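Any read-out appearing in this document is the output of simple, stated calculations on the displayed coordinates, not a laboratory observation. This is a predicted model, so every value here is computed, not measured. Glycine gets a Cβ as well: all are built from the backbone with ideal geometry, and neighbour counts include every protein chain shown.
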Amino acid sequence: MAQIPVHELAEAMYKMVKDTMGLKKWKATDLQKASIEMFGEGNVDKQLCKDAIKELVNSGRLVYTYFGGSYIEVPHKEGAEN
Amino acid sequence: MAVDKKYDTPMLDELEKGEWPSFVKEIKAAAEWNAMSNDLLGLLEQSYSEKMGHWKHGGIVGVMGYGGGIIGRYTDLPEKYPNISHFHTLRINMPSGWFYTSEALRTLCDIWDAHGSGLTNMHGSTGDIIFLGTRTEELEPVFNKLTAAGFDLGGSGSDVRTPSCCCGKARCEWACYDTMALTHFITNKFQDELHRPAFPYKMKFKMSGCPNDCVASVARSDISIIGTWRDEIQVDMQKVREYAKNGTDIVKEIVMMCPGKCIEWDGKDLNIDNSSCLHCMHCINVMPKALAPGKDRGAVVLVGSKAPIVEGALLSSVMIPFMKIEEPFDEMEFWKLIENMWDLWCEEGKNRERIGEFIQRVGMGNFLDSVGLEPIAEMVAHPRENPYVFYEEYFEEGEEVEK
Ligand code: HEM
Ligand code: HEM
Ligand code: SF4
Ligand code: SF4
């Protein structure tokens, strides 16, 4: 089973989150489901999704946020801070 | 740092009266030198007189790479109380069983005096070391100092929460397994799940060494691992007689209080029908010198309790009535069950639905089927009194009913 490279998946996830900023709040599991749908079950598995999220968050391109539950977002100026 | 602006706090002052410790006293002590604690007094007094909270919650949290451990707080009156415009909470993973050297405690306090309000909560209901109140720009510096001192952030949000346990074998003779060792192992095994929230909602592990359940895991953890035994309660008959001689009313205090109705006392010998014992610990707690848990010890695993937040409170239900808990922990079959439960809950659970609520929604039968467990009598709260539990299949097959 040939999986796609982590950074390719990370790019795709980043685009999903960025393109829907302000429209949709993504949880880790939502990103995973959408990725498997996009690339197909044989090309992406749960571990790969975890690794891609880890790469995005460790590099600071995406951040975790909390609104009742945990979400993953593009960093932005904090609403509650204002 | 000297602090001059003092607030009048007549309502808070009431809470300094009495013989017991007072959080107001502690905040005032910190306010002598810390501007955040000083503003906190002013804000609290205002909230008490208005009967209204002035905190906002949530948003971007954490240090680089982490999705848990820091809870964002802001006051909605930042002009009036500028020093607490940010007042974030840090959860720091406590050592298993909450054992510290005094040096470790001083290290923690020094870090916090330099970067926050100086106020701590040892410990929060989650079990974590709680640092109360700091600014966003202080988060990375605090985190760096904590990790340099060997500490790490704990959980918050939709992740595995900081695993927590009773002091177990370190101090307690009732411990049926090594709660501290297992907790340390679980903390390491699930580092990824602890720091990178990927669940529908929070997921708590709590480990108690015996059914006394000193960390209340049966009531407030998604996964409760509670020590128990499967052989017979150990009895030192001579000591039982001593208790009786010294004034323990064994019939009234033990026989009649036994929920399994399985103890007899004829004034000389104590007889326990262990096949009906519910492992409640009552008799052992009353005569600790005479009775002790059996020798074949392990734990029961229960799933699904929670305190009321989104929905009402739940207690855990039995999944595995008994398993041995021995090193190497990694080889226990139990992890497979955890994985199955998480897969199912992540796939089908609703946002902010705890696993106990999920089980209620889909039904215990469906849940057991999906995670690959056979329903058994031990999973029923009161199987002998429950009119909905039938045992025909056992009789049809001509087998003896297992205990
Ligand atoms: C300002 C002084 C003190 C305060 C505020 C204080 C407070 C407390 C509190 C709140 C606990 C209970 C912890 C819990 O169960 O959650 C405790 C336990 C205890 N304290 Fe203190 N304490 C003080 C001084 C002392 C002193 C001077 C001694 C001994 C000379 C002492 C001996 C103990 C012992 C032995 C326990 C624990 C016993 C057990 O394990 O159940 N404390 N203390
Ligand atoms: C032979 C001497 C002592 C014995 C056997 C003893 C034993 C105990 C025990 C069994 C407890 C209850 C633990 C629990 O319920 O968790 C306790 C609590 C406590 N003991 Fe002692 N103790 C002794 C001497 C002292 C002395 C000399 C002090 C103080 C100077 C002290 C202070 C305390 C305190 C403050 C608590 C209650 C802490 C709490 O509320 O959790 N004890 N002790
Ligand atoms: S739960 Fe049991 S083993 Fe753990 S401290 Fe309490 S009495 Fe001891
Ligand atoms: S542990 Fe509880 S149920 Fe078992 S014999 Fe003792 S009192 Fe009875």
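Is the shape of the protein assembly as shown rounded, prolate or oblate, going by the alpha carbon gyration tensor and its root eigenvalues a ≥ b ≥ c, with a/c under 1.5 for rounded and a/b larger than b/c for prolate?
Since a/c reaches 1.5 but b/c is at least a/b, the shape of the protein assembly as shown is classed as oblate.
DSSP beta bridges in chain B, what fraction antiparallel, as a percent rounded to 5?
Roughly 80 percent of the beta bridges in chain B run antiparallel, per DSSP.
Per residue of B:373-384, how many C-beta atoms from partner chains lie within 10 Å of its own C-beta, taken as a mean?
The per-residue average across the peptide is 0.
How large is the charge dipole for the range A:6-81, taken about the Cα centre, if only the Cβ atoms of Lys, Arg (+1) and Asp, Glu (-1) carry charge, to the nearest 20 debye?
In total the dipole reaches around 180 debye.
Normalise the Debye intensity by I(0) for the range A:6-81, one equal point scatterer per Cα, no solvent, then take log10 at q = 0.14, 0.15, 0.18, 0.23 Å⁻¹ and round to two decimals.
-0.41, -0.47, -0.67, -1.06
Within 10 Å of each Cβ in peptide B:193-202, how many partner chain Cβ atoms are there on average? Round it to a whole number, please.
5
Once a ≥ b ≥ c are taken as the square roots of the eigenvalues of the Cα gyration tensor of the range B:10-148, is the result rounded (a/c under 1.5), prolate (a/b larger than b/c) or oblate (a/b not larger than b/c)?
Verdict is oblate for the range B:10-148.
What's the magnitude of the charge dipole for the range B:234-292 around its Cα centre, counting Lys and Arg as +1 and Asp and Glu as -1 at the beta-carbon? Answer in Debye, nearest 20.
140 debye
Counting only other chains, what is the mean number of Cβ atoms within 10 angstrom of the Cβ of each residue in peptide B:156-163?
The mean count of partner-chain Cβ atoms within 10 Å per residue comes to 3.
Using only alpha carbon pairs under 8 Å that are at least six residues apart, calculate the relative contact order of chain B and give it in whole percent.
Relative contact order of chain B: 11 percent.
³J(HN,Hα) across the range B:22-34 via Karplus (A = 6.51, B = -1.76, C = 1.60, θ = phi - 60°), whole Hz, x for Gly/Pro?
10, 5, 5, 4, 5, 5, 4, 4, 5, 5, 4, 10, 10
Net charge within 10 Å of B:Lys289 by Cβ-Cβ distance, Lys/Arg positive one each and Asp/Glu negative one each, not counting B:Lys289 itself?
Around B:Lys289, the charge tally is -1.
Residue-wise, which Karplus ³J(HN,Hα) couplings in Hz belong to the range B:371-381, taking 6.51 cos²θ - 1.76 cosθ + 1.60, θ = phi - 60°, and x for glycine or proline?
8, x, 10, 7, x, 9, 4, 4, 7, 8, 4
For the range B:103-253, what does the alpha-carbon gyration tensor say about shape, rounded, prolate or oblate, given a ≥ b ≥ c as the root eigenvalues, a/c under 1.5 as rounded, and a/b over b/c as prolate?
prolate
Computed over the Cα atoms of the range A:7-51, what is the ratio Rg over Rh, Rh following Kirkwood?
0.95
Can you pull out the cysteines in chain B that have no other Cys Cβ under 4.7 Å?
Cysteines of chain B left without a disulfide-compatible partner: B:Cys109, B:Cys165, B:Cys167, B:Cys172, B:Cys176, B:Cys210, B:Cys258, B:Cys262, B:Cys277, B:Cys280, B:Cys283, B:Cys346.
What is the range B:1-76's relative contact order, in percent, from Cα pairs under 8 angstrom and six or more apart in sequence?
RCO, the range B:1-76: 25 percent.
Please report the base-10 log of the normalised intensity I(q)/I(0) for the range B:346-387, using a Debye sum with one equal scatterer per alpha carbon and no solvent, at each q in 0.18 (1/Å).
Cα-only, vacuum Debye calculation for the range B:346-387: -0.60.
What is the ratio of the Cα radius of gyration of the range B:234-292 to 2.2 N^0.38 Å, where N is its residue count, to two decimals?
0.98
Run the numbers on the range A:6-81 and let me know its relative contact order in percent, using alpha-carbon pairs under 8 Å that are six or more apart.
Relative contact order comes out at 38 percent.
So what J values fall out for the range B:43-55 if you push phi through Karplus, 6.51 cos²θ - 1.76 cosθ + 1.60 with θ = phi - 60°, rounded to Hz, Gly and Pro as x?
Each residue's phi maps through the Karplus curve to give 5, 5, 4, 4, 4, 5, 6, 8, 6, 8, x, 10, 10 Hz.
Give me the dipole magnitude in Debye, nearest 20, for chain B about the Cα centre, with unit charges on the beta carbon: positive for Lys and Arg, negative for Asp and Glu.
Roughly 1220 debye, rounded to the nearest 20.
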